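Structure, as structure tokens:
What follows draws every value from the coordinates through simple rules; no lab data is involved. Remember, it's a predicted structure, so these values are computed and weren't measured experimentally. Cβ: placed from backbone, ideal geometry, glycine included. Neighbour counts: every protein chain shown.
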């Protein structure tokens, strides 16, 4: 574990300061957290970045900052400050973009956390240094970085699509993949030298991303006992279906107004449009 570089130190300090503000001030958290409708409808794209410096608890913050501390020093020294910044922020934004794809019909879905960016740093490090040793405080031995990375992703899978916290679990996987790819692009020789651990990480990650985008109900779990509950699957699936049907109906009405004018709407159609408008304002 190399000594922290200046960028790593700054990022950890900014995360601590901003997270403290969010943990102690709920209005501040609401103003800068990741939220689907605020990004897609109100175009508040700043949330793609600001949400990555907020955390819901000190435990959440510590876990992410410990991971950043463990991996950032060596990566920053290897890629330089600019390369390291590129990995961090591209992973942060990439992870949040995946969350938008997964939750595009969950208008009120929200999340916070540096996990996407941290996963990008971890997996970039794995691509370059797959045998890097990581040791936890309670363990007397080191584990290879690629094994730590797999464990980090496994933890993320358990949290995917859970509504019991505001942690952006989908962003873990998106950020991990982006970090891995950027490291390979910046240091192409790593793909030749470390192709086996890269494939062991990349293939399952791509598979997980494919599953949560195309079949999210397969990975739906109960956060308390990590057991599948069909009731929760059905509720979430129904919510998705209702949200999609509602959006399609609104799009149809707007197309009709565009083509024939608002007077072409029936009384029932106008009422639907009014009800939708009121819900969005509230």
Original post:
Percent relative contact order of the range 1-123, based on C-alpha pairs within less than 8 angstrom and at least six residues apart?
Top reply: 37 percent
Original post:
Based on the Cα coordinates of the range 1-107, what is the per residue volume of their convex hull in Å³?
Top reply: 100 Å³
Original post:
Can you list, bin by bin at 10 Å, the percent of alpha carbon pairs in the range 6-219, starting at 0?
Top reply: 9, 37, 37, 16, 2, 0
Original post:
Of the listed peptides 191-201, 26-36, what is their order by residue-averaged count of other C-beta atoms within 10 Å, with the highest listed first?
Top reply: 26-36, 191-201
Subject >> Size descriptor, Kirkwood hydrodynamic radius, that averages inverse alpha-carbon separations across the range 48-158, Å >> reply: 14.7 Å
